[in-house]
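Worksheet: one structure, shown below.
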Ligand code: NAD
């Protein structure tokens, strides 16, 4: 059986704890993938020290050259796309087409980052004094701590690590405990590309990988004074903790947190299209996307008809191992996650008194009994005050609410603490634009599902979904760089701004 390692200062190393955690296939718990290190504070400190040392050299590598490394990373990922996806499905459960998409997002992010190495534009501005020039540049910050969740084991780390590297920072990466193998694959590829592009000038320690729990390894990131910035994607409760400690230590912190996304279907919508979208949005990745459709807000005029169509289709979804052909929905990622889902179903039935119209139970027929499967579940008669309408469930559970107008639909949609993704199906152009204006979310789709962000667009949410930063596209480069203003005076005399000229 494979024992995997951490990656510190350019070498694969065992943890100082000598302890390991096992990683199993959530669709078949008899399938043991391997053992991964339960790392310690000493391991984190060693990796941060290596990253700090590497920063001295990496920041001086010209940005286009740093971009060349990312170009090779993208090329290798493209060559190995199917293998990466197969192993990712085995590790976290979502179906092969989706893990291929997850990998493609990493490839897109690599190529974007590669070209950004030749941009990283600064601004210049005229000086208020004669014979003086004002310029500004992006400069790297230092060592980044990267903490990621399990639901996009490839894409999310790449959203963070690639722009961090292109900007000239070095990183220490702590992946989710449930998806360590994909993290190893990614770091191996980055290291291969570093060797290929830098050759004899290879710099060890630019990227370091430390496996382990959030409680131990994650907390060490927070307290380590040599980590200058933390980029975190995960739950709101952990995000608040990171913001609290990071704020105290004056670390730069980017948070991408929970969601309770909704799709609105108005009475003039193309219902077939809206149906395909909600099936994809609510049950793709077994509902375990931060942008998953967790609420469906139906106009009262089409409510009954649409719900009937939806239930018919949901009951036909095929559950199974995501690497098998014809499977629509994989398992929950773990037993604990499935229990959370089941607890929310009980809340929906007992506390909230909503009506179950599909699913509502574990799926245990045949081979499904070997994994953490849960039947795609739908509640109707849900009202905005219910817990299943407000709290993030992160599983295959959809709450259906009724609205009687656009204003009413938007009010319901906005009625949670989160604000990540949103969608409206309507053929009324005025309603579509009003929705874009009034919906409180970082992402709004018109006639599209709540999932499906593209790598070159800003990604993130408002309200309790984050702290105002965005990943993706050009926006993320603001997080991984500082601005330096430079004044060049070629007048040959002391010129005092604001004083000599006014
Ligand atoms: P989580 O918060 O439990 O864990 C995320 C990461 O944080 C893991 O690597 C974990 O080990 C680490 N961690 C846990 N406790 C920590 C601590 N005290 N200090 C430092 N690190 C710690 O989340 P999860 O269960 O892995 O992922 C699901 C959550 O992620 C959902 O809430 C989902 O909405 C959110 N998510 C958000 C986005 C987004 O972009 N907004 C994307 C994907 C997932």
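The values are calculated or read from the model by the stated rules, or taken from the named source; none is laboratory data. Remember, predicted model here, so these are calculated numbers, not experimental data. Here the Cβ positions follow ideal geometry from the backbone for every residue, glycine too, while neighbour counts run over all protein chains shown.
Of all residues in segment 222-229, at least one satisfies being part of a helix (DSSP H, G or I), assigned by TED's automatic domain parsing to the domain that holds residue 84 and surrounded by fewer than 23 Cβ atoms within 10 Å (Cβ to Cβ). Within segment 277-314, the set of residues being in contact (Cβ under 8 Å) with a residue 40 or more places away in the chain and within 20 Å of residue 428 (Cα to Cα) comprises 277, 278, 296, 297, 298, 299, 300, 303, 306.
What about residue 241, is it within 10 Å of the ligand (Cβ to nearest atom), over 14 Å from residue 423 (Cβ atoms) and outside the structural domain of residue 387 (by TED's automatic domain parsing)? It would help to see each step written out before you state the result.
Numbers: within 10 Å of the ligand (Cβ to nearest atom): yes; over 14 Å from residue 423 (Cβ atoms): yes; outside the structural domain of residue 387 (by TED's automatic domain parsing): yes.
So residue 241 fits the description; yes.
Would you point out the residue of segment 134-167, among those that are buried (at least 24 other Cβ atoms within 10 Å of the Cβ) and more than 24 Å from residue 457 (Cβ to Cβ), that is farthest from the ligand (Cβ to nearest atom)? Looking at the filtered set, the residue picked out is 143.
Of all residues in segment 77-101, those being farther than 19 Å from residue 320 by Cα and surrounded by 20 or more Cβ atoms within 10 Å (Cβ to Cβ) number 2. Are any of the residues in segment 113-131 buried (at least 22 other Cβ atoms within 10 Å of the Cβ) and either farther than 29 Å from residue 454 by Cβ or within 16 Å of the ligand (Cβ to nearest atom) (or both)? Among the residues of segment 113-131, not one is buried (at least 22 other Cβ atoms within 10 Å of the Cβ) and either farther than 29 Å from residue 454 by Cβ or within 16 Å of the ligand (Cβ to nearest atom) (or both), which makes the answer no.
Of all residues in segment 182-217, those satisfying the criterion of being within 16 Å of the ligand (Cβ to nearest atom) and crowded, with 23+ Cβ neighbours inside 10 Å are 182, 183, 186, 208, 209, 210, 211, 212, 217. Taken over segment 329-361, the residue count meeting the criterion of being over 14 Å from residue 393 (Cβ atoms), surrounded by 15 or more Cβ atoms within 10 Å (Cβ to Cβ) and out of contact with any helix residue (DSSP H, G or I) (no Cβ under 7 Å at 6 or more places or on another chain) is 1.
The condition (being out of contact with any helix residue (DSSP H, G or I) (no Cβ under 7 Å at 6 or more places or on another chain) and either in contact (Cβ under 8 Å) with a residue 60 or more places away in the chain or under 14 Å from residue 145 (Cα atoms) (or both)) is satisfied by just one residue among 272, 219, 226: 219.
Checking each residue in segment 36-51 for being surrounded by 17 or more Cβ atoms within 10 Å (Cβ to Cβ) and under 27 Å from residue 195 (Cβ atoms) picks out 36, 37, 39, 43, 44, 46, 47, 48, 49, 50, 51. Take the conditions (1) touching a helix residue (DSSP H, G or I) at 6+ places or on another chain (Cβ under 7 Å); (2) away from the ligand (no atom under 15 Å from the Cβ); residue 488 misses just one of them, which is (1).
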